[in-house]
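Presented below is the structure to which this report refers.
The values are calculated or read from the model by the stated rules, or taken from the named source; none is laboratory data. All values reported here derive from a predicted model rather than from experimental measurement. Cβ: placed from backbone, ideal geometry, glycine included. Neighbour counts: every protein chain shown. SASA here: full protein model, heavy atoms, side chains in, ligands and nucleic acids out. Shrake-Rupley method; radii C 1.70, N 1.55, O 1.52, S 1.80 Å.
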Amino acid sequence: MKKVALFLFAGAGLIYACTRVPITGRSQLNLIPESTMQSMALQEYQTFLSQNKAVSPSVSKDAEMVRRVGGRIAQAVTTYMTQNNLGNEVASYKWEFNLVNDKQVNAWCMPGGKVVVYTGLLPVTQNETALACVMGHEIAHAIARHGNERMSQGLVAQGIQVAGAVALNKNPQAQNIFMQAFNVGGPLGLMAYGRQNELEADHLGLIFMAMAGYNPQEAVPFWTRMANAGGGNKPPELLSTHPSDDRRIAQLQKLMPEAMKYYRAK
Ligand SMILES: [Zn+2]
């Protein structure tokens, strides 16, 4: 922490932000203005969509389902945040939910609420409630600002000063860290979040899906299916940096009573 403090006080005009994750209350270091995160994300998202065509909900029931599930979760999250005086954290979100034709077992959500689900995920989710597990988990990464946290750690490690939004946007090193944090250029959804962030996204995701009226109990069979989806060889992209299956399932079971308090069937 000493090194971090030194770095913080050394930078002129540095924005110091120690924030708390909703629901878990964990404190985290987020150095990057949310507006910067969102504009960087938007750029990458638009590039991604120009190279990967989204399936239109007007011709695909699956794309329609992705939009419906995302919309329900986003609405529930926004209501929760507003009721807990955190509404300003999601006020600038412009939610979008796209299904993209790709056989990867994957999904992601960028800062600012840009969500993409790959068609390869659907044979594993099998039903709408399980899709809500994944989308809740991915939306949780964004709400918990894991990308910002991850990038902030990268900036600290490389001693880059965060002098302001404009400078950061134009700083190739910072841009690089963003690309690494979100693994843009590679399989984009393979976000290199740490294990702690993954378990935290599971926790928030479970509650978000419950708030949106999806039975959180589906999370256990779904994540078990996910664990087996690689057929014992390569794990699905979504699981590449994830905690061990046993640990994940154990945590989900432990959190189930908490999540069930939020669940009202729709
Ligand atoms: Zn994750």
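What to note about this one:
- Some residue of segment 156-169 being within 16 Å of the ligand (Cβ to nearest atom) and either open to solvent by less than 10 Å² (accessible area, probe 1.4 Å) or not in a strand (DSSP E or B) (or both): no
- Residues of segment 113-126 satisfying the condition of being in contact with a strand residue (DSSP E or B) (Cβ under 9 Å, 6 or more places away or on another chain) and of a type outside the set (Val, Ile, Thr): Gly113, Lys114, Tyr118, Leu121, Leu122
- Residue in segment 190-209 that is modelled with pLDDT under 85, within 16 Å of the ligand (Cβ to nearest atom), farther than 21 Å from Ile143 by Cβ and open to solvent by 40 Å² or more (accessible area, probe 1.4 Å) present: no
- Some residue of segment 79-96 being within 16 Å of the ligand (Cβ to nearest atom) and closer than 16 Å to Tyr214 by Cβ: no
- Selected residue (criterion: modelled with the lowest pLDDT) from residues of segment 10-25 that are surrounded by 10 or more Cβ atoms within 10 Å (Cβ to Cβ) and over 14 Å from Ser152 (Cβ atoms): Ala10
- Residue within segment 213-225 that is touching an Asp or Glu at 6+ places or on another chain (Cβ under 8 Å), modelled with pLDDT under 95, farther than 25 Å from Ala76 by Cα and crowded, with 18+ Cβ neighbours inside 10 Å present: no
- Hits in segment 112-146 - residues which are at positive phi and among the hydrophobic types (A, V, I, L, M, F, W, C): none
- Remark: pairs (first residue in segment 126-154, open to solvent by 10 Å² or more (accessible area, probe 1.4 Å); second residue away from the ligand (no atom under 15 Å from the Cβ) and at pLDDT 95 or above; Cβ separation under 6 Å; 6+ apart in sequence or on different chains) = Glu128/Met65; Thr129/Tyr214; Thr129/Asn215; Thr129/Glu218.
- Wholly within segment 41-125, strands (runs of 3 or more DSSP E) carrying at least 1 residues that are surrounded by fewer than 20 Cβ atoms within 10 Å (Cβ to Cβ) and within 18 Å of the chain's Cα centre (by Cα): 96-100
- Within segment 26-37, the set of residues being modelled with pLDDT under 90 and open to solvent by less than 40 Å² (accessible area, probe 1.4 Å) comprises Leu29, Asn30, Leu31, Ile32, Pro33, Thr36, Met37.
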